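Just dropping this structure here.
The values are calculated or read from the model by the stated rules, or taken from the named source; none is laboratory data. Computed from a prediction, not measured in an experiment: that's the story for all the values here. A quick note on method: Cβ atoms are made from the backbone with ideal geometry, for glycine too, and the neighbour counts reach across all protein chains shown. These accessible areas exclude ligands, DNA and RNA; they are computed on the full protein's heavy atoms, side chains included. Shrake-Rupley method; radii C 1.70, N 1.55, O 1.52, S 1.80 Å.
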Amino acid sequence: HPLKLKRAVFVGAAANGHLGQDDKIGRNYFLKNGQPKYKHQAYADITKHKQDFPKGTHVLNLYGNVGNGSDTHVTNVSSQSLYPGLGSRFASYQQKMIKGKYVSHHWIIRKNGQVRKLALNYIWRSNN
């Protein structure tokens, strides 16, 4: 039997650009239709290749906020753009903004115990 991806956890996903390259804090936002106002190259790439993402995957999207709407490398709007970009492929979708200690892009997965716990509990959930 081939392996099938059932659950995926994204942490600090740069689904619609990086700070200092093509994105700026406070510039982008979501339109009433749920799409980001500005669509950078990263967003174009994920939407172009969305058929490559396994359909029916349950997704948890975690991203940090150091207090300015970013994790120091990726804006929260960029991370939240994962759903409008790929959401039609997901069986379910949850997202959570993480605040507090060790929420910067570099440290969130390495030192943030809350993120590790959320990710592991999501991946190893017994249902679905």
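Toward the positive end of the charge dipole of region 21-61, about the Cα centre and with charges on Cβ (Lys, Arg +1; Asp, Glu -1), which of Tyr29, Leu60, Gln41 goes farthest?
Tyr29
Among 52-64, 94-106, 78-90, how do they line up from the highest to the lowest mean number of other beta-carbon atoms within 10 Å?
Numbers: 52-64: 18.6, 94-106: 15.2, 78-90: 21.0.
Descending packing order for the listed peptides: 78-90, 52-64, 94-106.
Rolling a 1.4 Å sphere over the protein heavy atoms, what is the accessible area per residue of the chain, to the nearest Å²? Walk me through the numbers on the way to the answer.
On the way: 7690 Å² over 128 residues.
Accessible surface, normalised per residue, equals 60 Å².
Above 26 angstrom, tally the Cα pairs of the chain and express them as a % of all pairs, no decimals. Show your work: numbers first, answer last.
Values: 1710 of 8128 pairs.
It works out to 21 percent of all Cα pairs.
Hey, got the dipole for the chain? About the Cα centre, +1 on K and R Cβ, -1 on D and E Cβ, debye to the nearest 20? Spell out each step's value before the answer.
Numbers: 20 positive and 5 negative charges, 81 e Å.
The calculated dipole for the chain is roughly 380 debye.
Among Trp124, Val103, Ala14, whose Cα projects farthest towards the positive end of the dipole of the chain, with charges put on the beta-carbon of Lys, Arg (+1) and Asp, Glu (-1)?
Trp124
At a 1.4 Å probe radius, carbon and sulfur cover how many percent of the accessible area of the chain? Please list the in-between numbers first.
Working: 4020 of 7690 Å².
With neighbouring chains kept in place, the figure for the chain is 52 percent.
Tell me what the chain gives for mean residue ellipticity at 222 nm when only DSSP H runs of n ≥ 4 count, each as -39,500 (n - 2.57), the sum divided by the residue total, rounded to 500 deg cm²/dmol.
Numbers: 5 runs with 33 residues, N = 128.
Computed ellipticity for the chain at 222 nm equals -6000 deg cm²/dmol.
Please grab the % of Cα pairs in region 1-45 that end up more than 18 Å from each other. Before the final figure, lay out the partial values.
On the way: 430 of 990 pairs.
Counting pairs separated by more than 18 Å, the tail of P(r) holds 43 percent.
Net charge near Ser88, counting Lys/Arg +1 and Asp/Glu -1 over other residues with Cβ under 10 Å of its Cβ?
Numbers: positive: Lys50, Lys55, Arg89; negative: none.
Within the 10 Å Cβ shell, the charges total +3.
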